[in-house]
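See below for the structure under consideration.
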Amino acid sequence: MCIGLRDADLVSRIAEGDREAEAEMCRRMAPRIRLYGLRHLRSAPTADDLVQQVLLKVLEALRNARLREPDKLAQFVLGTCRMTVLDLRRSSQRQEELLAMYGGELAPVQPPMPGLDDRQLARCVQALKERERSVVVMTFYDDHTAAETARALETSEANVRVIRHRAVRQLRACMGAAK
Amino acid sequence: MTDLRDRNECSSPIEAAVLMDYWLAALSPSDEDAVEQHLMTCDRCGDRLRDVIALADGLRTLARSGSLQVVVGDQFLNRATRTGLRVREYAPPRGGSIQCTVAADDDLLVARLAVDLTTASRVDLSWCDQEGAERQRMADIPVRADGPDVICQQSITWAKASPTSTMIARLLAVDEKGDERVLGEYTFHHTRTIPGPPE
């Protein structure tokens, strides 16, 4: 059983050929890689591709004992995410052959995205103060930056951020989210 | 950084507002790096980020639905038009009235209220019935002092279901003592053109 193992122990076991350790590493890292992918690629299918590509590279490195500091697995995975996203932006056709070969083995189950009560959210947004509602709508309609929203509302970027933070806190509370 | 964190423990949870900034790409490079280092070891904060992403997605859908009553800017309307939304806009003159309606395929409904805001510090938008009795107050709306107008999006959902009626919008300057001064009054004669329940 590898579930309770530290990252560093997983790294050592994978270098020794332990397939269970490989599976546990993939299970542990895949959701984190996917979140990184969602943030930077803004696409669920592309984020799923990123998971496979990163796991493939990490596994290859670990099997060949190329990670010199085993306790830095997370940093290694993050660095691989960053390099892979850069590569993905350069070329969307990369590594298709490798994915065709190994892709099926590198798709651990992902945590589901939480559902949202749309009507309750509408009530919560309508309950915001006018400035907060304007900032929320202008921000989320099209990923407005704070600078763009600030220009539209004749206020400072810092003020837009403060208003947005306050609105997000209030919305989460209204939606019943735990802090 | 420990690698034994699981869904039940996190010694330094990232605040949801910071996670939202991360999702919106609004953090500095160093703060973004710190957040990503943390997320790569902490599933608890990963779960919180999923909540934040769900909230952001819900807010985007809601913002694009046209169902909110909210003060917006020209930039917002331009983007809406560019993304293919049908924007129905009414701009009655100050002190005047206008006939208005909505069609089934309209996506956004906005009122453009021409006004001089140079002497107002706080501005309220009051919605009144045809007798002038206030029905709703949008307090301390965001305005540009140098702007020629206030743009208020009305709920398209509400407007499509609304019976034929008259509404009066009043822009009010409110001073520190709470005294009010009318900056402009605008009358909307709404005619329902979409079939619905009897009025």
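Numbers for the structure displayed
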item: B:R60, sole failed condition from (1) within 24 Å of A:A122 (Cβ to Cβ); (2) facing another protein chain (nearest Cβ under 10 Å); (3) crowded, with 17+ Cβ neighbours inside 10 Å; (4) of a type in the set (D, E, K, R); result: (3)
item: Qualifying residue in region A:125-145 (condition: of a type outside the set (A, V, I, L, M), in contact (Cβ under 8 Å) with a residue 24 or more places away in the chain and under 14 Å from B:M20 (Cβ atoms)); result: yes
item: Pairs with Cβ under 8 Å, 6+ apart, first in region B:23-49 and more than 9 Å from chain A (Cβ to nearest Cβ), second of a type in the set (V, I, T); result: B:L27/B:V18; B:L27/B:V35; B:D31/B:V18; B:V35/B:I14; B:V35/B:V18; B:H38/B:I14; B:C45/B:I14
item: Complete set of residues in region A:41-57 that are part of a helix (DSSP H, G or I) and either charged (D, E, K, R) or not assigned by TED's automatic domain parsing to the domain that holds A:T80 (or both); result: A:D48, A:D49, A:K57
item: Boolean, B:R192 is crowded, with 17+ Cβ neighbours inside 10 Å and not small (G, A, S); result: no
item: Residue in region B:97-109 that is loosely packed, with under 12 Cβ neighbours inside 10 Å and among the charged types (D, E, K, R) present; result: yes
item: So A:L38, is it assigned to a helix (DSSP H, G or I), free of Cβ contacts under 8 Å to residues at least 40 places away in the same chain, within 26 Å of B:D57 (Cα to Cα) and within 11 Å of another protein chain (Cβ to nearest Cβ); result: yes
item: Unmet requirement for B:V87, which otherwise passes all of (1) without any contact (Cβ under 8 Å) to a residue 60 or more places away in the chain; (2) more than 21 Å from A:M138 (Cα to Cα); (3) among the aliphatic types (A, V, I, L, M); result: (2)
item: Qualifying residue in region B:88-111 (condition: at the interface with chain A (Cβ under 9 Å from one of its Cβ atoms) and at negative phi); result: no
item: For B:G58: the one exception among (1) out of contact with any Lys or Arg (no Cβ under 8 Å at 6 or more places or on another chain); (2) under 20 Å from A:C26 (Cβ atoms); result: (2)
item: Counted residues, region A:63-81 - those being more than 9 Å from every other protein chain (Cβ to nearest Cβ), touching a residue at least 40 places away in the same chain (Cβ under 8 Å) and assigned to a helix (DSSP H, G or I); result: 2
item: Selection count where residues are surrounded by fewer than 18 Cβ atoms within 10 Å (Cβ to Cβ) and under 17 Å from the mean Cα position of the chain (by Cα), scope region B:70-85; result: 6
item: Among (1) within 8 Å of chain A (Cβ to nearest Cβ); (2) closer than 30 Å to B:D124 by Cα; (3) touching a residue at least 24 places away in the same chain (Cβ under 8 Å) - the single one B:G66 does not satisfy; result: (1)
item: Residue match in region A:33-41 (condition: under 16 Å from A:L73 (Cβ atoms), out of contact with any strand residue (DSSP E or B) (no Cβ under 8 Å at 6 or more places or on another chain) and modelled with pLDDT of 95 or more); result: yes
item: Selection count where residues are in contact with a strand residue (DSSP E or B) (Cβ under 7 Å, 6 or more places away or on another chain) and more than 7 Å from chain B (Cβ to nearest Cβ), scope region A:113-148; result: 0
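For (1) modelled with pLDDT under 95; (2) surrounded by fewer than 19 Cβ atoms within 10 Å (Cβ to Cβ); (3) not assigned by TED's automatic domain parsing to the domain that holds B:S97, each residue gets a yes or a no:
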{"position": "B:E134", "(1), (2), (3)": "no, yes, no"}
{"position": "B:M138", "(1), (2), (3)": "no, no, no"}
{"position": "B:V143", "(1), (2), (3)": "yes, no, no"}
{"position": "B:G147", "(1), (2), (3)": "yes, yes, no"}
{"position": "B:A161", "(1), (2), (3)": "yes, yes, no"}
{"position": "B:T164", "(1), (2), (3)": "yes, yes, no"}
{"position": "B:D175", "(1), (2), (3)": "yes, yes, no"}
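The values are calculated or read from the model by the stated rules, or taken from the named source; none is laboratory data. None of these values were measured; they are calculated from a predicted model. For neighbour counting, all protein chains shown are included, and Cβ atoms are generated from backbone atoms with ideal geometry for every residue, glycine included.
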